[in-house]
Amino acid sequence: MSYITLDHGSGGKLTLELIENVFKAESGLDSAVLGDIAFTTDSHSVKPLFFKGGDIGKLAVSGTVNDLLCVGAKPLYLSSAFIIEAGFEMEKLKKIVKSMKEEARKSGVEIVCGDTKVVENGKCDGVYINTSGIGKIIRPIEGKNIKDGDGIIVTGTIGDHGFAILNEREQLNLETDLKSDVSSLTDLILPLIESDVDIKFMRDPTRGGLAMCLNELCYRRDFGFEIFEEKIPVREDVRVIAEILGIEPYYAANEGKMVIVMDKKDEERALDILKSNELGRSAVTIGRVSSKNPQLVILNTKFGSKRVLRMPTTDKMPRIC
Ligand code: MG
């Protein structure tokens, strides 16, 4: 007999197995590409519901908008479904809905349908939100034609969301202005999609972070990645919290960042476009696609050594999004 564990929801190896073995589906792209329509869905169970930099509502809208952008779509319409625990404060719910509306407006999407279900007290942790989204494909970005030497770009600092949540939840009480990076990325990414730079692949490195994102992309493929520790932007306070908790920043969730695989010839132009937006100021190339180490993410450390950044198996950060 086998049972579902928290690790099945971690964005780790067990999640991939769950998707393959139980749902008999592929977990390739962030949204389905259906002709010129992109379609995606995501559920959110973050704990705490309100955190520095955002709340579950902002997270739900941003997450879905960003998943649509990943496949080269302009996000257009969202649905939102709430599962609410009886006894939940109405004022808190109003706050969450307001923040969803604000983020939707900012992202240029409309929330066009929704649903609410109330369950007994103690049967869910305040509120869970599912959002689905539809976008119009500007050009499909499906992870094809990835080749040796393609650049890997990250659009900003890594690990902010995961460690901001852990800092509050674990009551580390660290004196820091660290907040979640949660944000919809329409203003940052849409200009890139609408330009003619050769984007091979995009993913928002949410659960499982940068390590999961890159491992998933080279899973069963004939290429791997070589990335460089000194190039990966990480905030100093994130480094400190990471050290205290013994979790590497590369495994921490991001909610307002994009990982982009870009043809080398267009890298500089892509970086210029990204840096012209506030959200992409510290965009940088952190490494390259390499056919020498298929299915492996090799981290070149600051000390000149190499090690494999593995796919996360256990979840040290449940309920992060
Ligand atoms: Mg995603």
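Whether any residue in the range 69-76 is within 16 Å of the ligand (Cβ to nearest atom) and part of a helix (DSSP H, G or I) is what I want to check. Lay out the reasoning, then the answer.
We begin by selecting, within the range 69-76, every residue within 16 Å of the ligand (Cβ to nearest atom); these are 69-73, 75.
Still in the list and also part of a helix (DSSP H, G or I): 69-70.
Scanning the range 69-76 turns up at least one residue that is within 16 Å of the ligand (Cβ to nearest atom) and part of a helix (DSSP H, G or I).
Conditions first: (1) more than 16 Å from the ligand (Cβ to nearest atom); (2) assigned to a loop (DSSP other than H, G, I, E, B); (3) under 21 Å from A270 (Cβ atoms). G87 passes all but one, so which condition is the exception?
(3)
Give E170, E110, E175 a once-over and let me know the one that is outside the structural domain of R220 (by TED's automatic domain parsing) and acidic (D, E).
E110
So that you can scan it fast, the table gives a plain yes or no per residue for (1) under 16 Å from A164 (Cβ atoms); (2) more than 16 Å from the chain's Cα centre (by Cα); (3) among the charged types (D, E, K, R):
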residue: I260; (1), (2), (3): no, no, no
residue: D263; (1), (2), (3): no, yes, yes
residue: R269; (1), (2), (3): no, yes, yes
residue: T285; (1), (2), (3): no, yes, no
residue: K306; (1), (2), (3): no, yes, yes
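Which one is nearest to L210 (Cα to Cα), of the residues in the range 281-300 that are assigned to a loop (DSSP other than H, G, I, E, B) and touching a Ser or Thr at 6+ places or on another chain (Cβ under 8 Å)?
A283
Inspect the range 170-180 for any residue being modelled with pLDDT of 95 or more and in contact with a strand residue (DSSP E or B) (Cβ under 9 Å, 6 or more places away or on another chain) and give the result as yes or no.
yes
Among the residues of the range 169-206, which ones are part of a helix (DSSP H, G or I) and within 23 Å of V109 (Cβ to Cβ)?
Answer for the range 169-206, where residues must be part of a helix (DSSP H, G or I) and within 23 Å of V109 (Cβ to Cβ): T186, D187, L188, I189, L190, P191, L192, I193, E194.
Only one residue in V46, V61 is assigned to a loop (DSSP other than H, G, I, E, B), within 16 Å of the ligand (Cβ to nearest atom) and surrounded by 24 or more Cβ atoms within 10 Å (Cβ to Cβ). Which one?
Checking each option against the conditions leaves just V46.
For the subset of the range 107-149 comprising residues that are outside any loop (DSSP other than H, G, I, E, B) and of a type in the set (G, A, S), which member is farthest from M90 (Cα to Cα)?
Per the stated criteria, the residue is G135.
Only one residue in E226, E248, E243, E216 is within 16 Å of the ligand (Cβ to nearest atom), over 18 Å from A283 (Cβ atoms) and in the same structural domain as G287 (by TED's automatic domain parsing). Which one? It would help to see each step written out before you state the result.
Numbers: E226 fails: within 16 Å of the ligand (Cβ to nearest atom); E248 fails: within 16 Å of the ligand (Cβ to nearest atom); E243 fails: within 16 Å of the ligand (Cβ to nearest atom).
Answer to the selection: E216.
Kindly indicate which of A38, A25 is without any contact (Cβ under 8 Å) to a residue 60 or more places away in the chain and within 16 Å of the ligand (Cβ to nearest atom).
Values: A38 fails: without any contact (Cβ under 8 Å) to a residue 60 or more places away in the chain.
When all the criteria are applied, what remains is A25.
So is I56 more than 16 Å from the ligand (Cβ to nearest atom) and either of a type in the set (D, E) or buried (at least 16 other Cβ atoms within 10 Å of the Cβ) (or both) or not? Steps first, please.
Details: more than 16 Å from the ligand (Cβ to nearest atom): yes; either of a type in the set (D, E) or buried (at least 16 other Cβ atoms within 10 Å of the Cβ) (or both): yes.
Considered against the rule, which asks whether it is more than 16 Å from the ligand (Cβ to nearest atom) and either of a type in the set (D, E) or buried (at least 16 other Cβ atoms within 10 Å of the Cβ) (or both), I56 comes out as yes.
Considering only residues that are farther than 23 Å from I141 by Cβ and surrounded by 12 or more Cβ atoms within 10 Å (Cβ to Cβ), look in the range 1-16 and name the one that is farthest from the chain's Cα centre (by Cα).
T5
Scan the range 189-205 and tell me whether some residue there is polar (S, T, N, Q) and within 16 Å of the ligand (Cβ to nearest atom).
No, there is no match, as no residue in the range 189-205 is polar (S, T, N, Q) and within 16 Å of the ligand (Cβ to nearest atom).
The values are calculated or read from the model by the stated rules, or taken from the named source; none is laboratory data. This one's a predicted model, so the numbers in the text were calculated from it and none came from an experiment. Please note: Cβ atoms are built from the backbone with ideal geometry, for glycine as well, and neighbour counts cover all protein chains shown.
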